[in-house]
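Encoded as structure tokens, the structure appears first; notes follow it.
The values are calculated or read from the model by the stated rules, or taken from the named source; none is laboratory data. In this text the structure is predicted, and so the values were computed from the model without any measurement. Note that each Cβ is placed from the backbone with ideal geometry, even for glycine, and that neighbours are counted across all protein chains shown.
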């Protein structure tokens with residue numbers, strides 16, 4: 001999910017496992033547009049990143065998305081930069 005007014009995107013690569021990554025594409029600094037099919041997608045130039053670790057799955061981006069720390073407490077997901 002891409003959160004409004006947040007600098008990160010939260011993914012759930014497997015049930016109960018959450019990850020958070022910067023929502024800014026490493027290619028040309030566009031905001032990523034969607035999370036689907038196991039990828040975080042940037043619509044500016046077609047870069048795709050893995051929801052598991054933020055690694056580049058489809059160029060032109062050559063650097064992975066920065067990852068943030070995630071904790072789950074009381075059924076809520078918390079992201080720490």
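Would you be able to say whether some residue in segment 7-19 is over 21 Å from residue 75 (Cα atoms), out of contact with any helix residue (DSSP H, G or I) (no Cβ under 9 Å at 6 or more places or on another chain) and part of a loop (DSSP other than H, G, I, E, B)? The answer is yes, given that some residue of segment 7-19 is over 21 Å from residue 75 (Cα atoms), out of contact with any helix residue (DSSP H, G or I) (no Cβ under 9 Å at 6 or more places or on another chain) and part of a loop (DSSP other than H, G, I, E, B). All conditions but one from (1) out of contact with any strand residue (DSSP E or B) (no Cβ under 8 Å at 6 or more places or on another chain); (2) at pLDDT 95 or above; (3) closer than 20 Å to residue 81 by Cβ apply to residue 29; the one that does not is (2).
Taken over segment 43-77, the criterion of being out of contact with any strand residue (DSSP E or B) (no Cβ under 8 Å at 6 or more places or on another chain) and in a loop (DSSP other than H, G, I, E, B) is satisfied by 44, 45, 59, 60, 74, 75. For segment 1-10, the criterion of being exposed (fewer than 14 other Cβ atoms within 10 Å of the Cβ) and either modelled with pLDDT of 95 or more or more than 22 Å from residue 80 (Cα to Cα) (or both) is satisfied by no residue at all.
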